[in-house]
Structures are given as C-alpha cells and as structure tokens.
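Notes follow once the structure below has been shown.
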Amino acid sequence: MKPGNFQIGEPMPPAPPSANAAAFSPADLSARRAASRRLGWWLGAAVLAIYLLGLLIPR
Amino acid sequence: MTITAHFLRETAHCCAGISSSSLLTWRHLRRLAPLAPAWLPGVAQAAYSFNFPEPVTPIARETLHIHNEFMLIITVLFVVVFAIMIYSMIRHRKSVGHQAARFSGPRGALQWFWALVPFAILLFIDFVLMGIPAVKAVINMEDTQTRADMVLKVTGMQWKWQYEYPEAGIKFISTLATPRDQIANAEAKGEHYLLEVDQPVVLPVGKKVRVLLTSTDVIHTWWVPQFGVKRDAIPGFLRETWVLIEKPGIYRGQCAELCGKDHGFMPVVVHAVPEPEYLAWVDSKKAEAKAAAGSSERTWSKDELIAAGKEVYEKQCVACHQSEGQGLPPAFPALAGSKVIAGPLFDMNGKPAKDGHVDRVMNGKAGTAMQAFRNTLSDVELAAVITFERNSFGNQQGDMVQPAQIKALR
Amino acid sequence: MNTATTTQPTPHDAGHYPGGLMRWLTTTNHKDIGTMYLTFSLIMFFVGGLMILAVRAELFQPGLQLMQPEFFNQLIGVHALVMIFAALMPAATGFANWMLPLMIGAPDMALPRLNNWGFWLLPPAAILLTLPFTLALFGIGDGAIATGWTFYAPLSVQGGMGVDFAILAVHILGISSIMGSINIIVTIFNMRAPGMTMMKLPLFAWGWLITAFLLIATLPVLAGAVTMLLTDRHFGTHFFDAAGGGDPILFQHLFWFFGHPEVYILLLPVWGLMPHVLATFSRKPTYGYKAQVYSFIAIGLLSVVVWAHHFFTAGLPVPALFYFMFSTMAISLPLAVLFFCWIATMWKGAMSFETPMLFAVVFIVLFGIAGLTGLILADVAADAQYHHSYFVVAHFHYALFAGGIMGVMTGVYYWLPKWTGHMYSEKLGKLHFWLTVISFNLTFMPQFFLGLAGMPRRIPDYALQFAEFNAMSTVGAFILGLSQLIFAWNIWCCVRGGPKVDGRVWEGAEGLEWELSSPPPHHSWETQPVIK
C-alpha cells in the first residue's frame, strides 16, 4: 500500500517511495536475517511443545 | 431483472462466446435426456423437493419451524446486503462517468451510526431471534428421560442395525433388503431402492420412546429425517435421543456417518403403528424367540443347518465375504479355501480352537472389520452359518456344529 | 517505470545461478519458489478435480456403475486432502512468497533456504498421498485412505495401509506448512521497509500473518492426533479405543481443534487479498483498514474455540452445545464487518469490471451464501437435520470453492500481469469466469436441496428420490471441471507472451508492489523504499 493510504479520511499523498530510497546495507540485512532466525527457532520450539503436549493424554 | 441486465451488459461485450457454448451443452443434454430412462430403469419418478420431508414428531416439527424461520432471515439478509452492492455496481461505475470518492472510513457521528447499525442487527439476529428458539429446542431435544414410555436400544454395526427392546426382551438385526442385482443395475430398481430392510423396527405411535445408541465397531449415525433426530452410535459409549411419533406410517432413513465400505447400504426403516398392533407384534416376536430358543436344544441335520446357514450368510456375511465366498482381499479375506475353516473347530478341552472357525465367528478379529457375532446371532444361526461355510464354496470339511454346542460355550 | 527500479544496480549474482532443473531445485529466490508453489497447486487442483469428477460420474444415476464403494470412499477422502493440503494451501503460500516481499519492501523472504525446503517437501507428500492408488493396481495393499479426510477413529484404526500413507503425508505437509508459516511471520516482523509500521502493513500481509499463527498453533495438534492414530494402529495404544479406556470422540476433538481453524487458514489470505482488488478496481482507498485488521484477529482467536460444532450429533453435554453454538454464531460478527468493509470499499467508487473484479464480486456473493448457511448450521436445533448431509457438503463448497478457490483465481488474474509482465486474455478470462460461476452454482445449489431432503454425505449410491438433483449436480461438475482448462490455457499463454504491461498494471492499483517493474527484478527491493 502506498504511503498514507491508511489515514482514515485523508487523500493519498502522491510521493513515490523511491524518492527517499536507500540501498539495504549488508549489515542491516544480516541483522534482520539473524533476528528472523532467532524468532524462527522460537516458533519452531513452540510447535514442538504443542505437539509433545499429546504425551500427557492417557493411553 | 433490470439489475441483472445491467450487470450482464457490463461484461457482455467480452463474452459473446458463452451463449453459443452453453447452447451447445444444452443441445447435447437434450439429446442425452431420452436415453437416461432406457439406460437405467426405475428413475422415471421426478421428485424435486426443496425442504425437509413431512415432520412426524414434535422435534421434527420444531426443527422445520426453526429452519423455515432461519431461511427467511438469511434470505432477507442476503437480498438486502446484495441489493445494496448491486445498486452500487450499477451506479458507481467508471463507464457511466462516476467519480471515485476518497473516504476510507466512517466520518462523523452519523456515518458511525450507519456503520454500526448492521452490526447491531446481526447481534440481535444471532443471539435473540435465532438464539432463543434454539435454546428452547435444544433443551427439549436433549430431554430424553422425562415421561419416557419405553426404551429402544439401537446398536450400529458394519453394516446393519441391531434393535433391542429391553422391557419386552426382543432383539433382532435389520439389514438391507434391496437385492444386489438392483444395485448392480442388473434388474429394475424398486420404489424403495436402498431404503428397505428385512426386519423393520416397530414402534407405537403417541409414545415417547427413549432411544439408546451404541456401536460394536466404528461410529455410525442413526437418522430418520422425518423424526428430526440424528445421533451418533459410538463404540463403547451410550448416546441417547428420543422420538414421539404422531402419525402411523413407514419412515425411512439411513446411516449418516461414513462407516466403511457399505455405509450407503444400511438403511433405517421404522413402522409406526397404533399401540394394540404394536403389542400384538411384541407377542409374535416373543413367540418367535421362544421357538428359536427351543430349537437350539434339539439336534439338527446337516442339510437343515446348511439351508438355515445360507440364509444367515446372505444377510450377515455376504457384504464382505461375497456371494461365492471369494471375499475382497486383502481387507476382506476369502472363505473359499480359507485356512481358518480348514483348521480344527475345537481343542482338546472342548473349547473353540484359538483362531479357529468357531472362535473367529463368535469373537471376531480385533482391529479388522470382522466383528464378534456372539451377541448378535442366536445359537442356531451361529451353528448354521458355521456349518454352511464349512461345506460351501468348495470347502469340504464334511463336519457340522450343533446349536447345543454353541449354547454350551456361552 | 519508476526510478527505484531503473537506477538499481545489476544484481550481484546475475548469471551465477544455475539454469534448467537445478535452478528450480536449488533456488532460494522468493519469486521462483512462489512460482513453484503456484504451479504445484494448479497441477494438484486438476488431480483432485479428476478424482471428484469420477465420483460425480458415479453419482450421476442411482446404482453402482463405475466403481465399488471401497474405491468411492478412497476418492472422496483423497480428493479433500489433495484440494486442502496440496491445492489451496500451496496456492496461498505461493501468493505469500511472490507478493509479501514486494508489498513490504523486502529484497526476499527472511529465511530463503527454509523456503526452498518448505516447497520441496510438498511433491513427496503428494506422491505419498496418491501412491496407494497405484500400489493397489499392482496388488499391493487395498488402496488409499478410505475414511474421508477426517480420519475418524475407529474407522481409521480398522483401515488398510492407505491410512498409514496418509498419516505420513499429512505429517510432511504439516512440516512444510509450518516452515512456510515461520518464514512468513519472521519476514513480516523483520523485513519491512523503514516506516512501514504494523498498522500500515498491506491487508494481504495481515491476513497471512493471522493464518501463519493459526497454522503454528493448530498443525501440531493435528500431527499429534494422527500420530496417536498411528500408535493405536501399530503399537498397541488405546487413545481412541473404548475397550482400552480410550475415547473415539477424543479424536474428533483433536482433529477439529485443527480442522476448524483450517477453514480460516484457507480463507484469511483470500480475505486479505479482497480489499486490494476491490480498492484497485473501485479506484478508491480501502474502507475500514483498522476494522478489517481487528476482524482478522478476532476471527483468528474465535476460530480456535468453536471446534465442537463439527460434531454436534456426537452427543455432547447440553452446556457444551450452547457454548459451541453461541461462540460459533459470534464469528458472524467480525465476518459481517469484513462484508461491510468490502461493500463500502466499492461504494461510490469508479468501478470497472475486469476479470479479477468479477471474481472478487462473485466471491463476496457466494461466500455470503456460505456464511449465512454457516450461521444456521451453527444452530444446534436445526443442525441435527443438516449434519452429515449434502447440505453440509454444499455449504463448505460454497466456503472453500467459492470462498477459497475463486478467491485464489481472483488473485491469479490480479497479479499474473505483475508476475509475467504480460497481460492475460481478458476475453478468455471472462469466459472462464462466467462458465465457472454458472457451473459452480449448478453443481452445488442442488446439493443444498439434496441435504434437506435427507441424502447423507459420502454414499456411493442413493435412493431414487435424489436422482434428479444428483444428475444436475454431475452435469454442473463436468462443466466446472472442463472450464478450468480455459484457466490453465490462459495462464500458459500469459506466461509465454502477450501485450506488455507497465509496473502499475491496473489504473487504480496502489501499493509498493506496483512501484516495481513487471516482472519485478531478481532481487525485489535491493533499494529500500521508505514509507512515510
């Protein structure tokens, strides 16, 4: 969505986003990827935890 | 009409091909139509039914009433909402020169009010208009015990129903009566194709019948549409519902839960009769049971057993083991040349040989569709069907099992 | 064209990635993976479709003509599993892969290798699911899973090795979906361009975010349930066997704890897509952005607490019946907000009706039928009659074909020019649209009446009073199936060539994805856009 599209009742400003564009720096990108990997492992652990809850059901 | 016409015109210029192609389809269909009855006899009756069948119990009447009311509500909702949308699609088009507005949310108290009105209406419909009658109906539906006149126990099994009247001591199995040839299109289909059984349940009209349900193998669902009740029969558990039939007649239904191969072939047929007729039926059933009990005492000849066994086989066993005993391997093994049949009947102590023929028929095989017939068949039926199987399909054991032997095992 | 793409430096690895088959096996590019997901989905859509056409042919007339009941039962179950897990879910994941990085200003998904792995688990799983059919031809086993897609114990405990294949396949499909979901969540959280706050996130991304969380919360429960089934079958446990102290209804609780959210898992990405399409072709901003986001969240939360309405006839305690009835009805409220916002987005716009818009509009109407019949199905009193009948079959096909598949078709027509750089044939698109809509209703409208008249689901043969509506439904199904060949042909032609389109594609299109060229460059946003 274009900038400003979500301000309720306001018209959309026409400024193209590329006007303020800057290249992704390698440092920024690798920091984002590292954060993603951490969160990914946590989510994976949550999945495993829910799965293993089944062991508590009497058989 | 005009609304639709407008909408159609919007895109008509781009899909000139449709009319010709759909015409083509219709022409083909028309050409096929006269062939259909000749190809499959018995399909001539036209029955376009758009609502529930005629209700014959208080629950079914209430359900129909609720259903009609809800259908009205949702039809109104549907028409109103989409009338607004279609109005917009006609008026607010680029091709008629409409300029797009820029709003993206309600502004001001009035707009918020109009945005919240549909929400409030729906809240009212959900929890008052639909909610309150539903609560009343459910409480009524689940009240199986107040002033119940009698109990009917229904046991689902692959793929037939067993009915038991605990007070009268009657118990029997009800199986599909439609001949296999009709299903295979080898002969004309009867009027009640797939909805007919050998022994229907008989219930008195005007009595509240508490129906208890269970199953011996997988989950089945007992459903008679005209009664407005549908309840699962769950192995190892008892579920209940109730019916109070107000009008004598024959009512037909089916199993509604996928229960394996012949799920489509285990109908429910209920004969609702006036009470005196019901009592007479109970007496005749009791006499029948007594005669059967007596007959398990006497010694049967082999031919008698084989003849009786053939009848039992064709009701209870043929669905899986097939008419020539060839089975449907690997799920349903063949009886012709079966190792189980070729093995010994009894061990040294006079008990059924483990995994032998008597053991398998009486106790079934866990984890397969082979159920235990110990409690569903009588001594005579068990002895007869075992004897029949040992001397048919090319099996030539030559021996037999007497009803008295089965009785001694119980 | 816009400056962001023209001034972009040449991708540093241009010309370094392998060609041919190895390109597809080893790719970590979100567009390549998205394309693979969508192609896989289309193929499986036809596979699942062929299965159900065989079923509809059998049901054309009473009597058994083409197949035995065992095979019939296998077809209906595998049809459902294929359509849900191998057609609809991969289509939505394909959309997410292609569009999320473009929409949020990222160069790619956050975890590209996980992405590749997630896709390549799908084909083996699909093979596992359908392999038992082939094995049975050679006399090995007795065919595929014959319990319906619901795996209900004890029927599934009793079943042949097709059940084991399906259990294994569902595990693999589940792992694939979980990996896809994790990737989507972390991408949305970490890869947004500067200035794109969560409340500026495109609604498509919001819809997918909720879907991804639902998958993570519920797929492990499904996996647990089918694992318990596996141990009941082979390792002597008694989770679902009353004789050993278990309970068959426990399976239904576990299955539908996953199964109900699954419906919203399939629908939320489509609900996210709709406002984009409606706003584009109404040339007007999305109405009620915040209301839609909150509705997504509310539906996501509600969806995990209503599961038992799928087995109202199993004999639940009365208080449980009331709880599940009213909580299910409550879902209609946030859903009504969405309908209101969709129509309000169109209201006073300047609409034009290209193929995606036609699909979007009909999606709203037909999905409306699914929602309204869902409302009455939630009612325990009436549900006793509808349950396990063709009424339910019609209801969920309005939800999942009209709501799910036609939603996916909306997205395909909307984004296809962006993906390929070519315009599809509008004429074929509209032909496909009209044939689909008409034959869809011809197929499924009669099924509502069949259900009311008392025809149970999943039966291979039926009583004579159901003959007319079944014949109509079968005719509809064959037209519906054949019409999809137009869809496939149109996509094929569009991929191969066609009139060139610019980055914006649609006159009224708004959003970051339209700022890039069509097709977008190999690394989508090498230059970061800034959102104010």
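The values are calculated or read from the model by the stated rules, or taken from the named source; none is laboratory data. Predicted model only: the values in this text are computed from it and were never measured. Glycine gets a Cβ as well: all are built from the backbone with ideal geometry, and neighbour counts include every protein chain shown. Ligands, DNA and RNA are excluded from the accessible area calculation, which covers all protein heavy atoms including side chains. Shrake-Rupley method; radii C 1.70, N 1.55, O 1.52, S 1.80 Å.
Assorted remarks:
- Options A:ALA22, A:ALA49, A:ALA15: the member that is open to solvent by less than 60 Å² (accessible area, probe 1.4 Å) and either modelled with pLDDT of 80 or more or among the charged types (D, E, K, R) (or both): A:ALA49
- B:LYS261 vs. criteria touching a residue at least 12 places away in the same chain (Cβ under 8 Å) and within 8 Å of chain C (Cβ to nearest Cβ): yes
- Contacts under 8 angstrom Cβ, first residue in segment C:520-532 being farther than 13 Å from C:ALA106 by Cβ, partner among the basic types (Lys, Arg) and not in a loop (DSSP other than H, G, I, E, B), 6 or more apart: C:HIS522/C:LYS31
- Close contacts from segment B:341-356, counting a first residue that is over 11 Å from B:GLN405 (Cβ atoms) and a second that is open to solvent by 70 Å² or more (accessible area, probe 1.4 Å) and not aliphatic (A, V, I, L, M), with Cβ to Cβ under 6 Å and a gap of 6+ residues or different chains, come to B:ALA353/B:PRO344; B:GLY356/B:PRO344.
- Exactly one residue out of C:ILE140, C:ILE210, C:ILE175, C:ILE167 is within 11 Å of another protein chain (Cβ to nearest Cβ) and at pLDDT 95 or above: that is C:ILE175.
- Applying the criterion of being without any contact (Cβ under 8 Å) to a residue 60 or more places away in the chain and touching a strand residue (DSSP E or B) at 6+ places or on another chain (Cβ under 9 Å) to the residues of segment C:239-269, the residue that is farthest from C:TRP307 (Cα to Cα) is C:ALA243.
- Top-ranked residue of segment C:155-164 - restricted to ones that are within 25 Å of C:HIS260 (Cβ to Cβ) and open to solvent by 20 Å² or more (accessible area, probe 1.4 Å), ranked as modelled with the lowest pLDDT: C:GLY159
- Segment B:161-172: number of residues that are surrounded by fewer than 20 Cβ atoms within 10 Å (Cβ to Cβ), hydrophobic (A, V, I, L, M, F, W, C) and not in a loop (DSSP other than H, G, I, E, B): 2
Matching residues to (1) among the hydroxyl-bearing types (Ser, Thr, Tyr); (2) part of a helix (DSSP H, G or I); (3) free of Cβ contacts under 8 Å to residues at least 24 places away in the same chain:
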| residue | (1), (2), (3) |
| --- | --- |
| C:ALA125 | no, yes, no |
| C:LEU128 | no, yes, no |
| C:LEU135 | no, yes, yes |
| C:ILE140 | no, no, yes |
| C:ALA144 | no, no, no |
| C:THR150 | yes, no, no |
| C:GLY162 | no, yes, no |
| C:PHE165 | no, yes, no |
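- Yes/no for B:TYR193 being aromatic (Phe, Trp, Tyr) and part of a strand (DSSP E or B): no
- Pairs where the first residue, in segment A:25-53, is facing chain C (nearest Cβ under 7 Å) and the second is open to solvent by 70 Å² or more (accessible area, probe 1.4 Å), C-beta under 7 Å, 6+ apart: A:LEU39/C:PHE189
- When the criteria are applied in full, C:ARG23 fails the requirement of being modelled with pLDDT of 95 or more, assigned to a helix (DSSP H, G or I) and among the charged types (D, E, K, R).
This table checks each residue for (1) of a type in the set (A, V, I, L, M); (2) open to solvent by less than 10 Å² (accessible area, probe 1.4 Å); (3) under 30 Å from B:ASP181 (Cα atoms).
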site: C:GLY451; (1), (2), (3): no, yes, yes
site: C:ASP461; (1), (2), (3): no, yes, yes
site: C:ILE479; (1), (2), (3): yes, no, no
site: C:GLY498; (1), (2), (3): no, no, no
site: C:GLY503; (1), (2), (3): no, yes, no
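- Tally of residues being within 13 Å of chain A (Cβ to nearest Cβ) and either in contact (Cβ under 8 Å) with a residue 12 or more places away in the chain or among the acidic types (Asp, Glu) (or both) across segment C:489-519: 11
- Tally, over segment C:301-340, of residues that are in a helix (DSSP H, G or I), farther than 17 Å from C:THR373 by Cβ and not hydrophobic (A, V, I, L, M, F, W, C): 6
- Checked against the criterion of being in a helix (DSSP H, G or I), over 19 Å from B:PHE119 (Cα atoms), within 11 Å of another protein chain (Cβ to nearest Cβ) and open to solvent by less than 10 Å² (accessible area, probe 1.4 Å), the candidates C:PRO261, C:PRO269, C:PRO275 yield just one match: C:PRO275.
- Single match in C:PHE138, C:PHE255, C:PHE251 (criterion: surrounded by fewer than 23 Cβ atoms within 10 Å (Cβ to Cβ), under 29 Å from B:LYS365 (Cα atoms) and not hydroxyl-bearing (Ser, Thr, Tyr)): C:PHE138
- C:ASN441 more than 7 Å from chain B (Cβ to nearest Cβ) and closer than 21 Å to C:LEU75 by Cα: no
- Tallying residues that are in contact (Cβ under 8 Å) with a residue 40 or more places away in the chain, more than 7 Å from chain A (Cβ to nearest Cβ), in a helix (DSSP H, G or I) and over 18 Å from C:THR28 (Cβ atoms) within segment C:178-204 yields 3.
- Verdict on B:LYS136 being open to solvent by 20 Å² or more (accessible area, probe 1.4 Å), over 30 Å from C:TRP506 (Cβ atoms), free of Cβ contacts under 8 Å to residues at least 24 places away in the same chain and of a type in the set (Lys, Arg): yes
- Filtered residues of segment C:237-255 (kept if facing chain B (nearest Cβ under 10 Å) and not in a helix (DSSP H, G or I)): C:PHE240, C:ASP241, C:GLY245, C:GLY246, C:ASP247
- Top-ranked residue in segment B:184-206 [being within 25 Å of B:LEU279 (Cα to Cα) and not hydrophobic (A, V, I, L, M, F, W, C); ranked as least open to solvent (accessible area, probe 1.4 Å)]: B:PRO204
- Restricting segment C:31-40 to residues that are touching a residue at least 60 places away in the same chain (Cβ under 8 Å) and of a type outside the set (Phe, Trp, Tyr), the residue that is nearest to C:LEU81 (Cα to Cα): C:LEU38
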